[in-house]
Amino acid sequence: MKLQGKNLSLRFNGSDIVKDVSITINAGDLVGLIGPNGAGKTSLLRMLANLQQPDSGLIQLDNHDLNHIDRKQLAQTLGYLEQGAPAHWPLRVRRLVELGRLPYLSPWRKLTGKDKAIVDNAMDQAEVQHLSNRIISTLSGGERLRVLIARMFATQPNIILADEPIAALDPYHQLHTMELFREHCDRGGSAVVVMHDLNMAARFCDRLVLLDQGTVACEGKVAQVLTEANLASVYSIHAKLDHQTTNGLTVTPSTRIPH
């Protein structure tokens, strides 16, 4: 499946949040959406997820306007992971993950054996089976995030849209989560991931989209986007770039460039 945003713009209280941004996500793509705080990353992701209507521009899924696609089909196709998503109800972990199957259920229909197997697999993927009987509100922030990742995988979306999915995780689970996204894309799915960890982005992503003040400052392969010039102009930092590491490009920030 192909997801496209064409000339997207969004304004809030008279300010431009996103300005004339176009982005294409093809099957197999793992796209890193990077940029400093306030660059418009979350707003762009929410528009792609059909959670925020752009003031201008068009979003298409396989050349069909997102607004004209059946809501149930859209819920099955797009998996959205909110940044710092809260848990409002005192649900047990397994029940929360089971909610990922709702787009496939008719009213009042219970989970089938197939649904339960999919839930089990999603919990195994996210390594949260041992939390099954815990109340979601008793978990740490990182544990809760992993449960929400499991719920997203329980939906079996073609396209993952994840807003800072590794920010609250320890190093082991950061790597594990990015490996899950990479495997999803290698199987023919796709993902757009908002990230601040440039080294993780460089290691796992096929392409990077660098946003700055609501516009695309640069887009392309990792080495094309993560350059000393781009890091200086967009992030206001001097950084050392090492292209010789086994995990790909490594970025080491050294000094700030005062505004």
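Read the figures in this text as sums done on the coordinates, not as results from a lab. This structure is a prediction, so every number in the text was calculated from the model and none was measured. For neighbour counting, all protein chains shown are included, and Cβ atoms are generated from backbone atoms with ideal geometry for every residue, glycine included.
Observations
- Efficiency of FRET from Cβ geometry, H88 and A27, R₀ 45 Å, rounded to 0.05: 0.85
- Spatial offset of the range 117-188 relative to the range 238-259 amounts to 29 Å, using the alpha carbon center of each.
- Quarter of Cα convex hull surface for the range 53-203, i.e. mean projection, nm²: 10.4
- Rounded tilt (10° steps) of 141-154 against the dominant C-alpha axis of the chain: 70
- Remark on the chain: hydrodynamic radius 19.2 angstrom, per the Kirkwood mean of 1/r across alpha carbon pairs.
- Given K6/K240; K41/K116; K41/K114; K19/K221; K2/K240; K72/K116, the pairs whose alpha carbons are separated by over 30 Å: K6/K240; K41/K116; K41/K114; K2/K240
- On Cα atoms only, tilt of 171-186 relative to the major axis of the chain in degrees: 80
- Between K110 and N7, the FRET efficiency estimated from the beta carbon spacing at R0 = 45 angstrom works out to 0.50.
- Label point distance in nm, N63-S140, each placed 7 Å from Cα along Cα→Cβ: 4.9
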